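Read through the structure below, which is laid out as structure tokens, and then see the notes.
No value in this document is a laboratory result; all are computed from the given coordinates. For clarity, every value in this text was computed on a predicted model and none was experimentally measured. Every residue, glycine among them, receives a Cβ derived from its backbone with ideal geometry; neighbour counts consider all protein chains shown.
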Amino acid sequence: MTDKNSVLERLSRRDAQRLEKLQKAHKAREDIDPTNEKEDYFTDAFKLKSDYVDSLLSQIPTLETTALSGHFDIIKKEINEMHKYIVTSSLFLKEYNMRKSLSIVQDLQNKCYELEEKYVPRKRFGFSKKKLAKPEEQKSSVMDEIDSIEKKYASKWDEKLFGFDNKENEVLLLDKEDLFQRDVSLRHLKNCTVFLKGAMGTLHITDLENCLVLSGPVMTSVFVERCLNSKLVVACQQLRMHTSSNCDIYLHVTCKGIIEDCTNIRTAPYSLHYEELDKHYELSALDRSINHWDTLDDFNWLAPNVPSPNWSILDKTKRVTDWEEHKTKIPS
């Protein structure tokens, strides 16, 4: 009996060891799950994309002037694709890796805009810097181009644009699910409050009168055209404002904002707060430590060392610091 018990004990011990081995193997397979595999693949693929953009940036000093505009367009497209890649991978990325990747994208964006400012100064977005012998012709040319773009823009609302058009005396809301990575347009609004509660790709604001726009972070640019007596609360990489007057802008912008043909523009720091704002900032890749809210370039004012009369900093006593009660009210 002793021998039999000994044999049974050895068999039982061996079975237990086999079971333990199987359990360890199963756990090992769980540890190497698709999430980890996806994250490893993301890391490798993202590095390739980053290295490619770096190589494009390094080519800039060697290119002919005529080739620069197209080259910068390619770089911006690649950086935008990198950002989208991070966002679509955010379901499985660890928070540290997502923050690190967003930081890399931000660095590439900053480098791109610095080089563009150096090699293609003020030739972007259809605005004119130089005031040469025939300024009226220059201005006419710019306005013709803007009118042409605006007509094309206006005729394709249903096909291309997303947002609000032709509204009056309304409170309008778009939430994060609607806004995510979208190019948003607000046009022909009067006496409206618009709350854009999420991160979006770009924001176009055109023909607004007596409106309040409360916007979450914008991944790239905010374009403002023909706005009167309105308040805009926006966070973005770049601000371009044209033919507007009597507007207060509560601004977070990581590059210098630009105004042209504007009067009585007042700026203050971005002061919007809502529950998921921090998360939306992360998705937008905006650097919260950089804000040029108090430094605008006025393309109609080229006098050195003399402040432009067309914009100023809004007095602290007149600033709105809490927008909560304004979110659901039509502007007075």
**Request:** Between Glu170 and Glu275, take the C-beta separation as r, use R0 = 25 Å, and let me know the FRET efficiency to the nearest 0.05.
**Result:** 0.60
**Item:** Label-to-label distance, nm, for residues given as Thr295 and Asp40 (7 Å Cα→Cβ offset)
**Value:** 4.5 nm
**Peptides ranked, highest mean first, by Cβ atoms within 10 Å: ranges 218-225, 46-53** = 218-225, 46-53
**Prompt:** Which order do peptides 280-289, 77-86 fall in by mean Cβ count within 10 Å, highest first?
**Reply:** 280-289, 77-86
**Asked** When you count, for each residue, the other Cβ atoms within 10 Å and take the mean per peptide, how do 239-247, 265-273, 60-68 rank with the highest first?
**Response** 239-247, 265-273, 60-68
**Complete:** Beyond 18 Å, the calculated P(r) of region 34-119 holds a percent of Cα-Cα pairs equal to 44 percent
**Förster-model FRET efficiency, 25 Å R0, Lys327 and Thr88, C-beta, rounded to 0.05** = 0.25
**Message:** Considering just Cα atoms, how many Å³ per residue does the convex hull of region 144-326 enclose?
**Reply:** 115 Å³
**Prompt:** If each of Asp315 and Lys111 carries a label point 7 Å out from its Cα toward its Cβ, how far apart are those two points in nm?
**Reply:** 4.6 nm
